[in-house]
Amino acid sequence: EHRRKELRESQRLRELCESMDINGNGTIERDEFIVNIQNGKLRAHLEVWGLHITDAKLFYEMLRTSADDVREALDISDFVAGCMRLRGAASILDVQMVMHCMKTQNDRLIQFFLSGEYRFNQLGNNPTG
């Protein structure tokens, strides 16, 4: 029953998003999102889910950049999935996943800087190239 309710809710949000999709390309442009979050209907729908959006641009960018296929516009499916993930309180698993991703990115960044530092030092040791 819980799963059916979630499916119905996600379908309602999908239909609302499809009505926002002015050019019919299956995506939500940032400006489309901002206009629709300001007009009240989308905001009310998301607030029922516990998503109280105070910064529409930041919320949109967060969903857009967390999508599997990051593009200029946000795919409606990615928008709905992102909202479904964000509703309610974060579970311990959600927090652990974020921490893992942050650690992985941090490790990559450290390796990048160390590699750059090494190469820079190599240039200093061999001024003629």
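The values are calculated or read from the model by the stated rules, or taken from the named source; none is laboratory data. These numbers come from a predicted model, not from an experiment. Positions of Cβ are generated from backbone atoms using ideal geometry, with glycine treated the same way; all protein chains shown enter the neighbour counts.
Here is a yes/no grid of residues against (1) farther than 15 Å from Arg87 by Cα; (2) out of contact with any helix residue (DSSP H, G or I) (no Cβ under 8 Å at 6 or more places or on another chain); (3) surrounded by 16 or more Cβ atoms within 10 Å (Cβ to Cβ):
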site	(1), (2), (3)
Arg3	no, yes, no
Cys17	yes, no, yes
Gly26	yes, no, no
Lys41	yes, no, no
Trp49	no, no, no
Ser66	yes, no, no
Asp69	yes, no, no
Tell me the residue from Leu93, Leu86, Leu74, Leu58 that is at pLDDT 85 or above and closer than 27 Å to His2 by Cβ, please.
Leu74
Answer yes or no: is there a residue in the stretch 84-92 that is of a type in the set (S, T, N, Q) and in contact (Cβ under 8 Å) with a residue 12 or more places away in the chain.
no
What is the residue count in the stretch 37-67 for residues that are within 22 Å of Gly24 (Cβ to Cβ) and not hydrophobic (A, V, I, L, M, F, W, C)?
6
Scanning the stretch 2-53 residue by residue, those outside any helix (DSSP H, G or I) and in contact (Cβ under 8 Å) with a residue 40 or more places away in the chain turn out to be Asp21, Asn25, Gly26, Thr27, Ile28, Glu29, Trp49
Selection from the stretch 54-77 of residues that are of a type in the set (Ser, Thr, Tyr) and assigned to a helix (DSSP H, G or I):
Tyr60, Thr65, Ser66, Ser77
